[in-house]
Every structure is written in C-alpha cells, then in structure tokens.
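A short write-up of the structure that comes next.
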Amino acid sequence: MNISGNTILITGAGTGMGLAAAKAFASLGNRVLMVARNEKRLAEEAAHLPGALHFACDIADPAQVERLVQWAQSNAPELNVLFLNAGVTHTYRLFDGSPARDHAKAEMEVNFVSAVDLTHRFVPLLNGRTAPAIIVTTSGVVYAPDNTNPTYSATKAALHSYIQSMRFTLKKNGSPISLFELVAPLVDSPFSAGVVSDQKASPDEVIREMIDGLAEDRMDIRPVTSETLFDAWRRDPEEAQKMVNDATGA
Ligand SMILES: NC(=O)c1ccc[n+]([C@@H]2O[C@H](COP(=O)([O-])OP(=O)(O)OC[C@H]3O[C@@H](n4cnc5c(N)ncnc54)[C@H](OP(=O)(O)O)[C@@H]3O)[C@@H](O)[C@H]2O)c1
C-alpha cells in the first residue's frame, strides 16, 4: 500500500492507537477523517493535523453510521482507506457476578456488528476509488482469549473470522480493495486502563510497525509481541493461552 496521498477514515481516532495513526498518517501526507463519539476531543486533536476533518459518531448506531457515510461522501469523495479501529471492552472474570450478557452485547455491537455495517456501506464506494484499502484492528486475543476480558476476546475472534470471509469474497468478486488485519498487542491506552501489566506497548510503536507493514503489503500485521504470540499459538495453543494470561495476570 502506498502510505502517502490517501484519504483515510479512522474510527476511534480521539485516543490511543487511532489518534497515533491519525498523527502518523497526517505527517506522511495523508488526509485523515477522524471519527469517535467524543466530539470535543476529536475537534481538539484534528485542529493540530493539516487538512484533518472530524465527525462524532457512535458506530453502534445504524442511523449515525448512515449520517457518517453521507458526511464522508460530501466532504471527502476521494476517500480510499478505511481504518476500522474503534473498540470497547469490559474487564471482568466469567461467573464473578458481572452482567456478562450486557457486556457481551455492548462489545459485540461496537467491535463486530459495526464492522459488518461499515464494510457493507463502504465497500461499494471503495471499489470505485484509487488504491482502496481497509485496515481492521483485532488483537492477539484472536489466537488465545484473555480471561480478564473474556467476552471481548470472543468479539475479536468473530471479527478475525469475518476478515477471512471478506478477503475470500472480495478476491472472488475481483475487488481492488486490500484488506489488512492489525493484530494489536497489549497497548497502553485508555482501553487497557483496567489491565495491570508491565508488558504494554506504546500506541506510537504499534502504529509505526503497522505503517511499515502496510508499506510492505503485509496483509496480517503483528507488531511488537503479536508475532511471538502467533508463533507460540501455531506451535502449541496452550502455550499461547499461557502467554496472554500471564501478561494480564488472569
Ligand atoms: N489497548 C490494548 O491493549 C489493545 C490490545 C489489542 C487490541 N486493541 C484494540 O485496539 C483498538 C483501539 O484501542 P486503543 O487501545 O487505542 O484504545 P482507546 O484509546 O480506548 O481507543 C478506542 C477508541 O474507540 C472509540 N469508541 C469506542 N466506542 C465507540 C463507539 N461506539 N463509536 C465510535 N467510537 C467508539 C473511543 O472514542 P470515544 O469514547 O470518543 O467514542 C476511542 O477513541 C480497539 O479496537 C481495541 O479493541 C487494544
């Protein structure tokens, strides 16, 4: 993928890896469209980035997503890259009295169903654009669940599966869209505030490695510890399970 000259819509762009990506992509000569729910934070961050636009949207709400698509078409008809990065988690343990059903439902809506919604709306548009690409943030938990974030882990496994299906069908349909998966490691961001660990990578480091992977057309990008986890999982899934859960103290 050419890492400059794109117009890139980034969900979850107000904090963490999404914000690090917005800054990095903008500095490489891309135009960024920053999306999240907290408009004030988006506006403050977008003001520092040349040409950046922002749009407040809850991606779990189909009516708001519809407005986002219309906004993107009116304000950035050249949009050619979608970075589906927003995500939520609930840190708890199974059978500890937590409202697991509520947690699972909320996580599934944001982490998985929104990706289905957004790709169904944007793929037909991206098919006609120059050098189109979609990047989706999953997690090392697609190989082995983190048992301090059990239902979250299941939503990312669903997302990982959906990426494989999309790749198959995009290719079969002759789509020009390149579909990248960013398998993120444990990262120091508001998202992981509930996880006590000395193994958190910085968002900047992960995004630097992601951009290297995009430039090399590596479709599965596994920054920092994610590649080691992947190797462990291929050797012995139990070893991978231990690595993930040792890192989060599960
Ligand atoms: N941190 C980790 O250890 C880790 C590890 C592996 C994978 N990941 C994944 O990496 C991605 C980015 O997370 P991060 O670590 O950078 O955490 P983060 O800083 O908390 O970023 C998550 C972003 O998602 C946005 N968001 C949440 N719900 C949303 C909704 N309903 N609609 C629109 N935006 C929403 C949040 O902004 P608003 O609150 O303003 O909406 C926030 O900007 C997530 O998909 C996460 O699952 C994280």
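The values are calculated or read from the model by the stated rules, or taken from the named source; none is laboratory data. Keep in mind that this is a model prediction, so the values were computed, not measured. Please note: Cβ atoms are built from the backbone with ideal geometry, for glycine as well, and neighbour counts cover all protein chains shown.
Observations on the model:
- Count of the range 15-31 residues which are within 10 Å of the ligand (Cβ to nearest atom) and over 22 Å from Val65 (Cα atoms): 1
- Residue-level check: of (1) away from the ligand (no atom under 12 Å from the Cβ); (2) more than 25 Å from Gly128 (Cα to Cα); (3) buried (at least 20 other Cβ atoms within 10 Å of the Cβ), Tyr92 misses just (3).
- For the range 230-250, filtering for residues that are outside any helix (DSSP H, G or I) and under 15 Å from Asn147 (Cα atoms) leaves 2.
- Residue in the range 210-231 that is touching a residue at least 12 places away in the same chain (Cβ under 8 Å), surrounded by 15 or more Cβ atoms within 10 Å (Cβ to Cβ) and near the ligand (Cβ under 9 Å from one of its atoms) present: yes
- Of all residue pairs spaced 6 or more apart or on separate chains, those with beta-carbon atoms under 8 Å, a first member in the range 53-76 that is under 18 Å from Met108 (Cα atoms) and a second member that is more than 14 Å from the ligand (Cβ to nearest atom) and basic (Lys, Arg) are Val65/Arg121.
- Inclusion of Leu33 among residues that are closer than 17 Å to Val136 by Cβ, of a type outside the set (Phe, Trp, Tyr) and in a strand (DSSP E or B) is warranted.
- Pairs, first over 14 Å from Ile134 (Cα atoms) and of a type in the set (A, V, I, L, M, F, W, C) in the range 158-175, second buried (at least 17 other Cβ atoms within 10 Å of the Cβ) and at pLDDT 95 or above, C-beta under 6 Å, six or more apart: Ala158/Phe112
- Contacts under 7 angstrom Cβ, first residue in the range 5-24 being on the phi > 0 side of the Ramachandran plot, partner aliphatic (A, V, I, L, M), 6 or more apart: Gly12/Ala36; Gly12/Ala86; Gly16/Val187
- Residue within the range 7-14 that is over 14 Å from Ala76 (Cβ atoms), within 15 Å of the ligand (Cβ to nearest atom), in a helix (DSSP H, G or I) and among the small types (Gly, Ala, Ser) present: no
- Matching residues, the range 159-209, being hydrophobic (A, V, I, L, M, F, W, C) and either within 22 Å of Leu125 (Cβ to Cβ) or surrounded by fewer than 19 Cβ atoms within 10 Å (Cβ to Cβ) (or both): Leu159, Ile163, Met166, Phe168, Leu170, Ile177, Leu179, Phe180, Leu182, Ala193, Val196
- Within the range 127-141, being more than 10 Å from the ligand (Cβ to nearest atom) and either under 11 Å from the mean Cα position of the chain (by Cα) or surrounded by 22 or more Cβ atoms within 10 Å (Cβ to Cβ) (or both) holds for Pro132, Ile134, Ile135.
- All conditions in (1) within 16 Å of the ligand (Cβ to nearest atom); (2) in contact (Cβ under 8 Å) with a residue 40 or more places away in the chain; (3) aliphatic (A, V, I, L, M); (4) under 23 Å from Ala131 (Cα atoms) hold for Ala36, with the sole exception of (4).
- Candidate set: the range 39-61, residues that are out of contact with any strand residue (DSSP E or B) (no Cβ under 7 Å at 6 or more places or on another chain) and not aliphatic (A, V, I, L, M); chosen: the one nearest to the ligand (Cβ to nearest atom): Asp58
- Selected residue (only one of Gly97, Gly87, Gly128 is outside any helix (DSSP H, G or I), closer than 29 Å to Gly5 by Cα and without any contact (Cβ under 8 Å) to a residue 12 or more places away in the chain): Gly128
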